[in-house]
1. Under 5 Å between amide H atoms, partner at least 5 residues away or on a different chain: which partners does GLN29 have, H built in plane at 1.01 Å?
2. Among DSSP bridges having both ends in the chain, what percentage is antiparallel? Round to the nearest 5.
3. For every helix of n ≥ 4 consecutive DSSP H residues, a contribution of -39,500 (n - 2.57) applies; sum these over the chain, divide by its total residues, and give [θ] at 222 nm rounded to the nearest 500 deg cm²/dmol.
4. Which Rg and Dmax, in Å, describe the Cα atoms of the chain?
5. Divide, for region 64-113, the radius of gyration over alpha carbons by 2.2 N^0.38 Å, where N is the residue count.
6. When the convex hull of the Cα atoms of region 84-190 is projected onto a plane and the area is averaged over all directions, what value comes out in nm²?
7. Suppose every K and R has +1 on its Cβ and every D and E has -1 on its Cβ; what is the size of the dipole of the chain about the Cα centre, in Debye to the nearest 20?
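What follows is calculated from the coordinates using simple rules that are stated; it is not laboratory data. Quick caveat, the model's predicted, so the values are computed rather than measured. Every residue, glycine as well, gets a Cβ built from its backbone with ideal geometry; the counts of neighbours run over all protein chains shown.
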Amino acid sequence: MQLYGFGESGNAFKVALALRHLGLDWTLQTVDFFNGGTRTPEFLDLNPMGEVPVLVDGETVLTQSGAILDYLGSKTGRLGGRSAAERREILRWLFWDNHKFTGNIATFRFQANFLPEERRPDAAVLDFLAARIRAATRVLAAHLQGRDWIVGDGPSIADLSCCGYLFYPEPHGLVRADWPDLDAWLDRIAALPGFAHPYDVMPRVFPGA
Ligand SMILES: N[C@@H](CCC(=O)N[C@@H](CS)C(=O)NCC(=O)O)C(=O)O
């Protein structure tokens, strides 16, 4: 399998974590995001949405980290839920993550760290996103009280999706230490087979990094 991604992409990191944990055979196609790598005609042929991650498995081309994670869960019979009800519960968290959790965290992180100085947003924009992140984190932290994993009694793609941005060193609007249940959950994920930190899994492409 080929994964299109780059080090700074937490959405690609989610997929890389699953591939590593599942012990699948894959190679990385590094996309030079900060120099227009997701806007070339070749890349847009692969994914007209202009985003990584993209996973190519033979004739199958998949985009959207949630759909890719679900594919890997179905293909291997692991991490995707042990019943139809569990899979639905996992999908519920994947949709929530894309919209409310990762959606805000990734936007905050991009704006706070990767935009050139002259394009940095007003403080009010980051404050707005930080409030959205706090509200979403409260939901996840409450859910994790008394639970080891988001769904069922073992790790699933729901965990790998929701954690995707939380292992990065740059400020992303959420401080782990403020959320003990979430902090302990991230330690459990970091102890899983195949885990590695994002910049050890895929090379950074941010100019000067
Ligand atoms: N919901 C998508 C989000 C993908 C996404 O935002 N990817 C970013 C990198 S992390 C990207 O390629 N953005 C390019 C762009 O928006 O122009 C997913 O989960 O795969």
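1. Under 5 Å from the amide H of GLN29: LEU3, TYR4, GLY5.
2. Percentage antiparallel, nearest 5: 65.
3. It comes out at -14000 deg cm²/dmol, rounded to the nearest 500.
4. Rg then Dmax for the chain, in Å: 16.6, 50.
5. Compactness ratio reported: 1.34.
6. Computed as one quarter of the Cα hull surface, the answer is 6.7 nm².
7. Dipole about the Cα centre, nearest 20: 460 debye.
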